[in-house]
Amino acid sequence: ACAAALRDPTEDALTDILRRAFGHESFRPGQLEVIRRVLRGGSSLALLPTGAGKSLTYQLPALLFPGLTLVVSPLLALMSDQLRGLPPALPGAALRSDQSLDALFHTLDELRAGKFKVLFVSPERLLNERFLSDLRTVPGGVSLAVVDEAHCVSEWSHNFRPAYHRLGRILRARLRADCPVLALSATATARTEKSLRAQLRIPREGVHRNDVIRPNLILSAMRVPSNSREATLLHFLEREPMHGKGSVIVYTAFQNQAETVAAYLQTRGVGAKAYHAGQDPRDRARTQAQFFSGSVRVVVATVAFGMGLDKPDVRAVVNYSLPRSPEAYIQQAGRAGRDGLPARCVSFIDPSDYCRLRSLSFTDGVDKNAVHRLLETLWDADAVRRRCAAATAAAAATTAAAADVHDDDDDGGDGDDGLVRVLPDIRATCELSFHGTPADELASQCPLVAAVLAIGGKPRQGKYRFSVAAAARHMRDGLEQVQAQLQALSANGQAAYRLEDRAVGYEIRRAPPTDLRPLSAALVDHLTAVEASAVAKLDTVYGALERAADAEDDASQGASLRVALEAYLGAGCGAGCGADADGAAAAAAVAAEPPQAINTEEPTSLRADARELLSERHGAKAGGAGIMSARAVARVLHGLGSPAFPAQEWRRHRLWERHGSTDFALVMRVASEELL
């Protein structure tokens, strides 16, 4: 039956497999069309609402295809949920960064033996040459490549997941020419869709788009001052129709907020627990299991909770804090009512909450001078002389403080033809100890051991401690090769090692231009556009919720929100508009005027406060940049920490966050004028 369905994927044949292998009687809207196109070898972009069953669109083809289905997934929690969701007929595995080496090697052995039909990996895994070589040995090859949460290709890649930006090139170069690509997302604007199609080479006819929000979701918004939110949430949970009924997810903006709200509910007799990325993974797993079983009714969580969540009976999602974007709102709301029954999605809105989140949108912004200093650090004279013969690692905190740039902003031309290749998950320091065979004997067989003996000095208590970058330079090789040799020594039982000190790892591909200023300007323009997009997205979702809150009843509020979200996702850009401006174009299309909570008039004291800060340049962190830029002044006046001006040191300053409700661009402009 499977072979026949693969040859001729009729609706009857596929529905029969759906019943027998997955236990479902019929397909949900959009699923069948996507599955049939994939089975016929066509690449597709499926834009289906959260909770619409996107996973089935690759699981059913994976069952029929002869080879491996490779699923690229952005988060460990999402991988785990997807792996657990595979039916018994689909053996699968995940390669995770938190696996032990033994578990990793065992999974790779089974992969090469053809034991799996589905493999989940992070985008960074596809940057690993050794893994790509292993893929070529898989029996039957890769039959289908799936990019889950595909909006990350154009949305997150600029400042969060650079590997996503390279997916299209890697998949085209390393997979068979006839291997279809299936991109999945619940949130993609028209501009994002166009970018995805270009990068993943998906034709226009391969796009399948359904409604943004499922019709069973009851959307509403209410204005709630920050000092009343806890009591309002408790009232919502205890009154009809929610009183004692169904599971609830409450989303907060910050980890400490999740802890505080969960504790408040617990003291009032509500079965609630907090969930966030700062907790021990075992505690998070326990909370999720209790939520699934129903022993915990309410989970108060940051965005770390819910990716891939497949709990059908969530009766309400509460946005205790403002979502950062329309995409975040859509994804979080979509975790309610997956069983098709009515479910409520309530958002609390407050101007002070919006102002603070808007300030935080400027945390990662950069100036030309800061970027120029960072580029000079990357391309020091020694690195240029080596001309790509080695890799360099700079300790993240040191580099960031020197340029006053957050380390995850470092993307100086990542790509096949760029000047620099950013390396995934690099550590600066290694501690190495040998078992059995003496180190000097291993040195004749292993270049890394020879390098360690040359640069590592004398061992302490049998352990050599050395710089990973120094070892790479001595070997005239790359950082990834150092890690590969460490793994080989461990796998052979010859050594044990421990990596520490997260670092910015990069490989110099070729010499930079003599004048770095044009490159600095181009990078600043790019990062400024990304920043503007994030601010515009926040403005858009706040404006949409504000307008909805003015409506008289839930039905009118829901209609207002649906119209705004559909308009946002359907918005495009005019000629010459880059993909990074996607959020700004969408905001302009949706909001008739900007939200009024932000002060756009210059406060009387702003200039004097900026002058005072500019006179205190000596107060910067040792090794830092000093308050030399308008952005640094604006950060302090908005209460934003940076590597050179850490919040824990500056929050005691009387001007810290003094102008947090004033438009950040206005504060920067005034500071710039005072610098002249």
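The values are calculated or read from the model by the stated rules, or taken from the named source; none is laboratory data. Computed from a predicted model, the values in this text were never measured in an experiment. Heads up, the Cβs are rebuilt from the backbone with ideal geometry, glycines too, and the neighbour counts pull from every protein chain shown.
Go through Leu32, Leu18 for me and flag whichever is in contact with a Phe, Trp or Tyr (Cβ under 9 Å, 6 or more places away or on another chain) and of a type outside the set (Val, Ile, Thr).
Of the residues listed, the single one that is in contact with a Phe, Trp or Tyr (Cβ under 9 Å, 6 or more places away or on another chain) and of a type outside the set (Val, Ile, Thr) is Leu18.
Filter the range 95-129 down to the residues that are of a type in the set (A, V, I, L, M) and surrounded by fewer than 19 Cβ atoms within 10 Å (Cβ to Cβ), then identify the one that is farthest from Phe291 (Cα to Cα). If you could, list the steps in order and put the result at the bottom.
Filtering the range 95-129 down to residues of a type in the set (A, V, I, L, M) leaves 95, 101, 103-104, 108, 111, 113, 118-119, 121, 126-127.
When the remaining residues are screened for being surrounded by fewer than 19 Cβ atoms within 10 Å (Cβ to Cβ), the result is 101, 103-104, 108, 113.
On the way: Leu101: 31, Ala103: 28, Leu104: 30, Leu108: 33, Ala113: 37 Å.
Taking the candidates together, the pick is Ala113.
Tell me whether the range 645-666 contains one or more residues that are out of contact with any strand residue (DSSP E or B) (no Cβ under 7 Å at 6 or more places or on another chain) and modelled with pLDDT under 85. No: the range 645-666 contains no residue that is out of contact with any strand residue (DSSP E or B) (no Cβ under 7 Å at 6 or more places or on another chain) and modelled with pLDDT under 85.
Residues are listed down the side, and each one gets a yes or a no for (1) in a helix (DSSP H, G or I); (2) among the hydroxyl-bearing types (Ser, Thr, Tyr); (3) closer than 25 Å to Arg201 by Cβ:
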residue: Leu14; (1), (2), (3): yes, no, no
residue: His24; (1), (2), (3): no, no, no
residue: Pro29; (1), (2), (3): no, no, no
residue: Arg36; (1), (2), (3): yes, no, yes
residue: Thr50; (1), (2), (3): no, yes, no
residue: Gln59; (1), (2), (3): yes, no, yes
residue: Ala62; (1), (2), (3): yes, no, yes
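Inside the range 339-358, can you point out the residues that are hydroxyl-bearing (Ser, Thr, Tyr), farther than 27 Å from Ala285 by Cα and surrounded by 23 or more Cβ atoms within 10 Å (Cβ to Cβ)? Full working, then the answer.
Restricting attention to the range 339-358, the residues satisfying the condition of being hydroxyl-bearing (Ser, Thr, Tyr) are 347, 352, 354.
From what is left, the residues that are farther than 27 Å from Ala285 by Cα are 352, 354.
Within the range 339-358, Tyr354 is the sole residue that qualifies.
Based on this model, can you work out whether Leu144 counts as assigned by TED's automatic domain parsing to the domain that holds Leu64, over 25 Å from Arg40 (Cβ atoms) and either touching a strand residue (DSSP E or B) at 6+ places or on another chain (Cβ under 9 Å) or part of a helix (DSSP H, G or I) (or both)?
No, not satisfied.
Considering the range 101-119 alone, what residues qualify as being closer than 21 Å to Gln483 by Cα and out of contact with any helix residue (DSSP H, G or I) (no Cβ under 9 Å at 6 or more places or on another chain)? Within the range 101-119, Ala103, His106, Thr107, Asp109 qualify. Could you look through the range 292-301, keep only residues that are under 27 Å from the mean Cα position of the chain (by Cα) and of a type outside the set (Val, Ile, Thr), and pick out the one that is surrounded by the most Cβ atoms within 10 Å (Cβ to Cβ)? The selected residue is Ala301.
The numbered conditions (1) in contact with a helix residue (DSSP H, G or I) (Cβ under 8 Å, 6 or more places away or on another chain); (2) modelled with pLDDT of 80 or more; (3) closer than 27 Å to His474 by Cα are all true for Glu431 except (1). Touching an Asp or Glu at 6+ places or on another chain (Cβ under 9 Å), closer than 30 Å to Val633 by Cβ and modelled with pLDDT of 95 or more, is that true of Ser361? In short, no. Of the listed requirements (1) on the phi < 0 side of the Ramachandran plot; (2) touching a residue at least 60 places away in the same chain (Cβ under 8 Å); (3) out of contact with any Gly (no Cβ under 8 Å at 6 or more places or on another chain), Pro513 misses just one: (2). Does Leu499 satisfy the criteria of being assigned to a helix (DSSP H, G or I) and either more than 30 Å from Ala665 (Cα to Cα) or at pLDDT below 85 (or both)? Here the answer is no, as Leu499 does not meet what is asked. Candidates Ala336, Ala304: the one that is among the small types (Gly, Ala, Ser), assigned to a loop (DSSP other than H, G, I, E, B) and surrounded by fewer than 21 Cβ atoms within 10 Å (Cβ to Cβ) is Ala304.
The rows are residues; the columns are (1) more than 25 Å from Glu500 (Cβ to Cβ); (2) modelled with pLDDT of 85 or more; (3) in a loop (DSSP other than H, G, I, E, B).
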| position | (1), (2), (3) |
| --- | --- |
| Asp81 | yes, no, no |
| Gln99 | no, no, yes |
| Thr107 | no, yes, no |
| Lys115 | yes, yes, yes |
| Leu119 | yes, yes, no |
| Phe131 | no, yes, no |
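Restricted to strands (runs of 3 or more DSSP E) entirely inside the range 175-262, those with at least 1 residues that are in contact with a Cys (Cβ under 7 Å, 6 or more places away or on another chain) and outside the structural domain of Thr137 (by TED's automatic domain parsing) are 217-223.
Taking the stated definitions as given, is Ala46 assigned by TED's automatic domain parsing to the domain that holds Arg197, in a loop (DSSP other than H, G, I, E, B) and touching a residue at least 60 places away in the same chain (Cβ under 8 Å)? So Ala46 does not fit the description; no.
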